[in-house]
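The values are calculated or read from the model by the stated rules, or taken from the named source; none is laboratory data. Quick caveat, the model's predicted, so the values are computed rather than measured. Backbone-built Cβ (ideal geometry, glycine too); neighbour counts: all protein chains shown.
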Amino acid sequence: MLDERKLSAARKRTYGIGLLKGMAVTLKHLFKHNTVIEYPDEKQDLGPRTRGVIALKEENCTVCMLCARECPDWCIYIDSHKETLPPKREGGRPRKRNVLDRFAIDYALCMYCGICVEVCPYDALFWSREFEYAEYDIRQLTHEKEKLSDWMATVLPPPALEAGAEQPGQPVAATPAAAAPAPTAVAPAPTAVAPAVQPAGATTPTPAPSMSAPAETTEADKARLPAPPAHPAPRATTDPEAAGRSPEVPTTGQETVLSDQEKAVYQEDPGPNVDVPAEQPQPVALERSEDAEAVYQQVLKEQLDKGSSAQVAEARARVARAKAERGIKRGPTPLTVDKPVPSAPTKGAPRPEPSGAPEAKAPQPDPGPVAAPAEAGAAGSDEAETSAPAAAKEPAAEEPPSAEPVSTPDPQAAAPAVGGSDETPDQVFERVLQEEKAKGSSDAVAQGRAKAARVKAERAQK
Amino acid sequence: MFELNLSDWQILLVKLGLVLAIVPAITLVAGYAEHKVMAHLQHRLGPMYPGGFHGWATLLADGLKFIYKEDIIPAAADRKVFSLAPLAIFVPTVLTVLVLPLDETLVVEELDLGLFYLLAVSSISTIGMLMAGWSSSNKYALIGALRAAAQLIAYELPIVLSAAVAAMLAGTLSLNGIVEAQEWPFVLWPPGIGLIAFLVFFGAGVAELTRPPFDMPVAESEIITGAFTEYSGMRFIFSTFFPEVANMVIISGVATTLFLGGYQPIVPLGFLDAVPGLVWFTLKTAFMVFMLLWIRPTFPRLREDQLQKFAWKFLIPTSLVLILAAGAWVLYAPEGLK
Amino acid sequence: MNADVVREVFFWGVGAIMVIAALRVVTTQNVVHAALYLVGTLMGAAALYVLLLAEFVAWAQVLIYVGAVVVLMLFGLMLTRAPIGKANYDNSQRPLAAVVAAVLFGVMSWILIDAFSGTELELAGENAPRTQDIGAVIFSSYVWPFEIVSVLLLAALIGAVMIARRDEPEADKEVGS
């Protein structure tokens, strides 16, 4: 009945009044201010979580293949090979790990369901706001990992937690963009220790750029830090690991830049493929007072000066501002190095993470018990000369007066520094444990690290 | 009148050349206006890029694009009829312009039977639609052509009848004569008759143009431009875009001439005579074009049966009554009121 | 160039087109083509009317025959049967039709030549035919034929509506309920 009444009401004659009403509506729009965004000239401010394209954080990928398998379109292509790493300690088993060779997404097939992002257990895939990646040829829409990694630059950090929300155990671990580049740092170790085991071409490019990085970052650090501490102690109070990575040490002018604790921590630094999650908090105490807006402006300007596109520059600047607002201080590099956002490493370009650099150097002091110093030195020099020119260049740049930068093997120089430490292994254990707990690491992790540090210290004593 | 000599031929050629140059130019302007006005009515901007300033060169670029496009004739098509159909639509469109008086003397050829000629010539294009639809060997094209024919035949009657009202009121079939007879435009005087006749003419004109809400013959969402589904390149322009926009202007011009006083001022006030007739004509025609553009994004498409019902059950009876009323007015209205 | 010469050229040109088109109407194997050739013939006739300054008849020819009658023919053909390509609709009456057409042609020609041979029409000047005169004549001397034709057409119209109409009161009720 109601329907019938409605129907009859709708059928009632209105003698064209309805037509006039309709015309009035469109006429009103003729005089309304237009809100059209003229796209190529003017860009919409997309939401921070916009699902534009899928970006890859390459160093987080463990080639678990979950994304490729879950993809409804089968548009993710992954190639990898296995690498055998030498045992971590004498008598241990050689470790195996997957190395990502190819990671490509065919965006001509992708339907942007985001399932791959959801299933990724290691936070290697993210939604980026980027959407301008049209190509003239459909085949070019298959984007390789280099391009996918580039898009990490446009991934914004997650929004701040609500007030009163439960704080995560590891504050920084929550920020995907800030994940520690541990894999890259670990990789060099085997090359230095056992070049024969590992195909040189696969990993050597990585240490080379990372070793060249500190040369730049050091300068920046020196400029920024009010008083670069020569002694490791003050740094140790903040975070030994970060201190180990933060390359202020070269200011001593020594090749052997690592204190024993640093080395200890560093050598045991577990890669993401080992037992501890890769995301390690690494706050570096830098310019805490920096104004977020100033950071934003500075980054924006730097990016634009560098020739980044306006959108990329803005995105990076926003990332920097967001970090500044939340008091997360990455190393200074993001603001000064070529690729300022740490989460956007590009293949071939120098890795911006300052943290990677000292670790890359560290394998050289490491092999003490494994290889004779002379052998290690020879291997190291070969390595430096053949496949890692940057490594050879770096000491020269840093210490021109050094007579034989290449042939000066790190272990020899490092040994006295390590020996010079007056801490006993047990003290090291206690100290590292305290620090880890202070940092908020879980008990197991803290214990593990502390133990590792003790072992290192013992080894160093020998 | 028939003393042709060489200079007459030259005049004729010049006139034809002018028509062939001006009609496409006006079509471009009107087409651009259609793009922009419709966009703004829909809260959009319309074309903004080609040419730099608000996309003024959009249609030039479009035309260039169409010229470069491949001219495809379906394998199963009737090639001769298929090729001739755009001509059968395009030529009548140009021919109708010849008699429109833009100003007192600004008319290509002043005919005694201008109105009759105009209606006759514009009816030819229906055949072009049927030719295009049939020869395409495509069911959508054929459906579109049949819809177009049914619609054009149905709406030709109210157009002719309401135009007859204007002719009766003016007492002549000459377009210039009709304009001269409108000291007050027919739409204002005689009261009611002229206005209703104008509305009937306008409504039927919208249908004759196959524009929304009467665009079933070309309904892109149902039968994909109807009769012209298979057309591409220049043939497409000459069979759809050009006639559609040009006819829009022409119908507006005819409505202006018949009911809005043509090149005469809109009201007979002395000081308005200072404005040239061409300006009046252009303004009125532009207003009519705007009305057509305004209607297009406002109303949804009708159903085929509603369309026929509207013509046969409403417009035609109305215009028949109007003819009676106009006759009565002409015969019996007091002399002072005429 | 003499106006008469121009007129002659036009007349013979248009005449030739008409004859060819008319022949094609009856010889072509495609009904739609036949209808389109008929358009050519009718348009040619209109052109000849224009040459004779019979504007009104010319435009009436275009409006009614080209714009309505042929369109309706095409409409009907396309609604029913109008294949692309050749289709033979000839039947055994073809010779008979030819004979009838020839006889008609002969009789019409003879009558016209007999009636108007040597008549000079004055196309310009005072006595030139005007549309106004046609209207006056139709509604005075020829008002009876005019009205009779009108009534005939009206009857045809109503008859067509009656044939096409289907009374379905039941269906209407169903829609309403």
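Annotations
- Listed conditions (1) more than 9 Å from every other protein chain (Cβ to nearest Cβ); (2) part of a helix (DSSP H, G or I); (3) over 15 Å from the mean Cα position of the chain (by Cα) are all met by C:Tyr89, apart from (2).
- Residue pairs whose Cβ atoms lie under 6 Å apart, separated by 6 or more positions or on different chains, with the first residue in the range B:30-41 and at the interface with chain A (Cβ under 9 Å from one of its Cβ atoms) and surrounded by 20 or more Cβ atoms within 10 Å (Cβ to Cβ) and the second of a type in the set (S, T, N, Q) and assigned to a helix (DSSP H, G or I), are B:Leu41/A:Thr26.
- Residue selected from the range A:9-66 under the condition among the polar types (S, T, N, Q) and under 30 Å from B:Phe290 (Cα atoms), by the criterion nearest to the chain's Cα centre (by Cα): A:Thr35
- Some residue of the range A:62-76 being touching a Lys or Arg at 6+ places or on another chain (Cβ under 7 Å) and either under 26 Å from A:Arg316 (Cα atoms) or of a type outside the set (A, V, I, L, M, F, W, C) (or both): no
- Hits in the range B:74-106 - residues which are in contact (Cβ under 8 Å) with a residue 24 or more places away in the chain, within 12 Å of chain C (Cβ to nearest Cβ) and not in a helix (DSSP H, G or I): B:Pro74, B:Ala76, B:Ala77, B:Asp78, B:Val99
- Some residue of the range C:13-20 being assigned to a helix (DSSP H, G or I), on the phi < 0 side of the Ramachandran plot and within 13 Å of chain B (Cβ to nearest Cβ): no
For (1) modelled with pLDDT of 85 or more; (2) loosely packed, with under 10 Cβ neighbours inside 10 Å, each residue gets a yes or a no:
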| site | (1), (2) |
| --- | --- |
| C:Tyr65 | yes, no |
| C:Ala68 | no, no |
| C:Phe75 | no, no |
| C:Thr80 | no, yes |
| C:Ile84 | no, no |
| C:Ala87 | no, no |
| C:Asn91 | no, yes |
| C:Val100 | yes, no |
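- Verdict on B:Thr256 being over 20 Å from B:Thr298 (Cβ atoms) and among the β-branched types (Val, Ile, Thr): yes
- Which listed residue is surrounded by fewer than 24 Cβ atoms within 10 Å (Cβ to Cβ) and in contact (Cβ under 8 Å) with a residue 60 or more places away in the chain, from B:Ala166, B:Ala150: B:Ala150
- Among the residues making up the range B:280-293, none is over 15 Å from the mean Cα position of the chain (by Cα) and either modelled with pLDDT of 90 or more or surrounded by fewer than 13 Cβ atoms within 10 Å (Cβ to Cβ) (or both).
- Condition check for B:Pro212: within 15 Å of the chain's Cα centre (by Cα) and either farther than 29 Å from B:Leu102 by Cα or surrounded by fewer than 20 Cβ atoms within 10 Å (Cβ to Cβ) (or both): yes
- Against the test of being part of a helix (DSSP H, G or I) and within 14 Å of chain A (Cβ to nearest Cβ), the options B:Leu293, B:Leu307, B:Leu320, B:Leu324 yield a single qualifying residue, B:Leu293.
- Condition met for C:Ala35 (within 15 Å of B:Val81 (Cα to Cα), at the interface with chain B (Cβ under 10 Å from one of its Cβ atoms) and modelled with pLDDT of 85 or more): yes
- When the range A:35-53 is filtered for residues that are in contact with a helix residue (DSSP H, G or I) (Cβ under 7 Å, 6 or more places away or on another chain) and either of a type in the set (Gly, Ala, Ser) or not in a loop (DSSP other than H, G, I, E, B) (or both), only A:Val53 remains.
- Figure legend. Inter-residue proximity from the range B:203-225: first residues assigned to a loop (DSSP other than H, G, I, E, B), second residues of a type in the set (Lys, Arg), beta-carbon distance below 8 Å, spacing 6+ or different chains. Indicated pairs: B:Arg211/B:Arg296; B:Pro212/B:Arg296; B:Pro212/B:Arg301; B:Pro213/B:Arg301; B:Phe214/B:Arg301; B:Asp215/B:Arg301; B:Ala219/B:Arg301; B:Ile223/B:Arg147.
- A:Val63 meets the conditions (1) buried (at least 17 other Cβ atoms within 10 Å of the Cβ); (2) without any contact (Cβ under 8 Å) to a residue 12 or more places away in the chain; (3) under 30 Å from A:Phe131 (Cα atoms) in every case but one. The failed one is (2).
- Only one entry in B:Leu12, B:Leu45, B:Leu4 is at pLDDT below 85 and within 14 Å of chain A (Cβ to nearest Cβ), namely B:Leu45.
- Test: A:Lys28 is over 30 Å from A:Leu125 (Cα atoms) and surrounded by 11 or more Cβ atoms within 10 Å (Cβ to Cβ): yes
- Answer from B:Gly55, B:Gly46 - the residue that is within 25 Å of the chain's Cα centre (by Cα) and either part of a loop (DSSP other than H, G, I, E, B) or hydroxyl-bearing (Ser, Thr, Tyr) (or both): B:Gly46
- One residue from C:Val71, C:Val25, C:Val50 being part of a helix (DSSP H, G or I) and either touching a residue at least 60 places away in the same chain (Cβ under 8 Å) or facing chain B (nearest Cβ under 8 Å) (or both): C:Val71
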